[in-house]
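Worksheet for the structure shown next.
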Amino acid sequence: MLKEKIENLKKQFLAEIERVKPSDEALFELEKKYTGRKSEFIAILKSLKDLSSEEKKQIGELANNTKNQIWEIIKNKRQEISENSFDAEKEKIDVTIPGKKKNAGHFNPISLVRRDIEDIFVSMGYEIADGPEVETGWYNFDALNIPKDHPARDMQDTFWLRQKVKSQKSKVNKENNEESLSMRSQTSAVQARYMEKNKPPLRIIVPGKCYRREATDTTHDHTFYQFEALIVGENVNVGNLKFTAQEFFSAFFKQNVTVRLRPSYFPFVEPGFEFDISCTVCGGKGCRACKGGGWLEIGGAGMVNQNVFVSAGYLRNKYQGFAWGFGLERLAMMKYKIDDVRLFHSGDLRFVKQF
Ligand code: PHE
């Protein structure tokens, strides 16, 4: 009877070990089930004490042998598992396979161009200045010789904020010393801010964001970047303006660029110019990019109006200076051949990832 029981257990074990997927956990469970403290096997061994000494010897031997066989089989399985778990073929490392590329962040083309510009001007001894994007009417207009009723304010149709601030400077609301805030429409707003705190000689550029209430199209956006230049000293002239700009554009486009000034009007300069550069695509011969004319419009420039110096607290006619305000997007569009200014702020990764 016991003999049969033992043999049945062995058969059962053999069948089961064939069925389970070999793993350390499965083998542990089998070992426990068949030879553990609470197993049937141990129960059989315990019941031997009631047998005759002849039977005890026979069954005891059979039981022990069977138990050892089970352990042996389990041991072999364990060995198999540990041998199989190291697959030399799988573990092999091919050091020639290119690494997995991590997705790193990168700069928007506006930032790339801005950094290029800053590098060039810093190497020419310029300082980089900054100002707030929410600006008072005083700095954005009045200090720039644009009084309240001047039509130039309309040209830069502006996002006004409801909030007003106390101001000593405003000529707008003299009675209650309050003035309106707006999103600055030009980096020129930083001119008087900087000059109030610094005395000539000075040379700065002001790269920064500006806002205008624009009907947007491929060349206009409501949010855009300018970079202002302001150079003030006792002996600064239009020749300096032209030379500096030419040096900058040649470095920026890595080719010889010629500069052209056309008479124009901005209240804060006298004389004022519309500023063109020779076409960077055809070199000035005339092509589609410059609509055949050979020139590309870049922005406004001129000699600082003495009224601006006075607003900033300088003596009239003591200094001269030049200033310009160029569109950063326009330069980026030329450099990277981009045909729609709205792409810069579109947040479209397909666009940004190209740079
Ligand atoms: N601020 C002017 C504009 O935004 C450009 C400009 C700057 C013109 C400096 C002359 C001098 O249109």
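What the table shows:
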{"item": "Carbon + sulfur, % of accessible area of the chain - ligands and nucleic acids excluded, 1.4 Å", "result": "50 percent"}
{"item": "Distant alpha-carbon pairs in the range 86-208 (separation over 19 angstrom), percent", "result": "64 percent"}
{"item": "Relative pair counts by distance (%), Cα atoms of the range 1-140, 5 Å bins", "result": "2, 7, 11, 10, 8, 6, 5, 4, 3, 3, 3, 3, 3, 4, 4, 4, 4, 4, 4, 3, 2, 1, 0, 0"}
{"item": "Residues whose placed amide H lies under 5 Å from that of Val304, excluding near-sequence neighbours", "result": "Glu270, Gly321, Phe322, Ala323"}
{"item": "³J(HN,Hα), Karplus 6.51/-1.76/1.60, whole Hz, each residue of the range 75-82, x for Gly, Pro", "result": "4, 4, 4, 4, 4, 4, 4, 5"}
{"item": "Between 0 and 90°, nearest 10: helix 238-253 axis offset from the chain longest Cα axis", "result": "20 degrees"}
{"item": "Free-standing Cys, the chain [no other Cys Cβ under 4.7 Å]", "result": "Cys210"}
{"item": "P(r) weight above 15 Å for the range 30-101, C-alpha pairs, percent", "result": "69 percent"}
{"item": "The chain: Cα Rg divided by the 2.2 N^0.38 Å rule of thumb", "result": "2.06"}
{"item": "Spacing of the two label points (7 Å from each Cα toward its C-beta) at Ser52 and Glu196, in nm", "result": "12.0 nm"}
{"item": "Estimated dipole of the chain in Debye, rounded to 20 [Cβ of Lys and Arg +1, of Asp and Glu -1, Cα centre]", "result": "260 debye"}
{"item": "Å² per residue, accessible surface of the chain at 1.4 Å", "result": "59 Å²"}
{"item": "With eigenvalues of the C-alpha gyration tensor scaled by 5 and rooted, the range 253-335, Å", "result": "31, 12, 10"}
{"item": "Given charges at Cβ of Lys, Arg, Asp, Glu: the range 109-352 dipole, positive-most of Asn237, Leu343, Gly293", "result": "Asn237"}
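The values are calculated or read from the model by the stated rules, or taken from the named source; none is laboratory data. All values reported here derive from a predicted model rather than from experimental measurement. Heads up, the Cβs are rebuilt from the backbone with ideal geometry, glycines too, and the neighbour counts pull from every protein chain shown. All accessible areas refer to the heavy atoms of the entire protein, side chains included, with ligands and DNA or RNA removed. Shrake-Rupley method; radii C 1.70, N 1.55, O 1.52, S 1.80 Å.
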